[in-house]
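The values are calculated or read from the model by the stated rules, or taken from the named source; none is laboratory data. All figures in this text were calculated on a predicted structure; none of them were measured in a lab. All Cβ positions, glycine included, derive from the backbone under ideal geometry; neighbour counts span all protein chains shown. Ligands, DNA and RNA are excluded from the accessible area calculation, which covers all protein heavy atoms including side chains. Shrake-Rupley method; radii C 1.70, N 1.55, O 1.52, S 1.80 Å.
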Amino acid sequence: SSDHYGRLVTRTGAVWTPQGHSLDSVDDKLNFGDESTLAWMNGKGNTTTFSWTIIAYMKLNNPGGSVASILDTGGFGTSTDTGMTFSIRPTTRQFEVGIFNGVNAAWVISANPATVYPNNTLWHQCALTYDQALASANAKFYLDRVPIETADKTANAPANTNSSYIPTIGRYNNGSGAFDGIMGELFVYQQRVLSADEISQHYLAAKRRLPWL
């Protein structure tokens, strides 16, 4: 329960299993690092050309829930904090991405692609890439290595500041967005936009490595 740099994961309610951390819809979450750990995902230190990739191997126990937060680096739901969030709305099966700059909830990007997440409790790869430098199609969504949809950034400028919160898996930092299921593995690539081929290779490698996928 530590990240690539040795930062320990703090568990609240979540239970370790051989497949990953099991989280329920009551109060479970995972925290790691500090307020600056993933601040670069919303523009800290680089407001023009920051980029990243998130890949999660996960299963939802309750695909009919209202929302399932995969990763939240800030105070989602507030109007004065910076950060980014990646989540799923299982009722509509929509992925979500948001980057907020702390100015009256002015979103750098706020997107809900079309219906994509299956209404089942099987394991899936959920991937998202983001590139602030592009003129359009800044966010790209993938499900089980298949490209789903793209989304454009807004005209709002990113913020060169830390969030007020530490990164959280399985819940928004405002307490909502409970993830009811198992988070098997979560990868975050800094300044690295994986191609569709690379995400496909990531998926195939995980299928060989994780027998439950």
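List of remarks:
Table: residues versus (1) within 24 Å of Gly43 (Cβ to Cβ); (2) modelled with pLDDT of 95 or more; (3) of a type in the set (S, T, N, Q); (4) open to solvent by less than 10 Å² (accessible area, probe 1.4 Å).
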position	(1), (2), (3), (4)
Asn62	no, no, yes, no
Thr80	yes, no, yes, no
Asn101	yes, no, yes, no
Asp131	yes, yes, no, no
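- Looking at Ser69, Ser22, just one residue is at pLDDT 90 or above, of a type outside the set (Lys, Arg) and closer than 23 Å to Lys140 by Cα, and that residue is Ser69.
- Verdict on Thr73 being polar (S, T, N, Q), within 14 Å of the chain's Cα centre (by Cα) and open to solvent by less than 40 Å² (accessible area, probe 1.4 Å): yes
- Scanning the stretch 172-190 for residues that are outside any loop (DSSP other than H, G, I, E, B) and either free of Cβ contacts under 8 Å to residues at least 12 places away in the same chain or surrounded by fewer than 19 Cβ atoms within 10 Å (Cβ to Cβ) (or both) yields Glu185, Phe187, Tyr189, Gln190.
- The stretch 115-129 - residue that is in a strand (DSSP E or B) and over 30 Å from Asn162 (Cα atoms) and, of those, most open to solvent (accessible area, probe 1.4 Å): Trp123
- With respect to the conditions (1) aliphatic (A, V, I, L, M); (2) more than 21 Å from Leu60 (Cα to Cα); (3) open to solvent by 50 Å² or more (accessible area, probe 1.4 Å); (4) at pLDDT below 95, Val193 falls short on a single one, namely (4).
- Residue count for the stretch 133-171, restricted to those that are in a loop (DSSP other than H, G, I, E, B), open to solvent by less than 50 Å² (accessible area, probe 1.4 Å), touching a residue at least 60 places away in the same chain (Cβ under 8 Å) and aliphatic (A, V, I, L, M): 1
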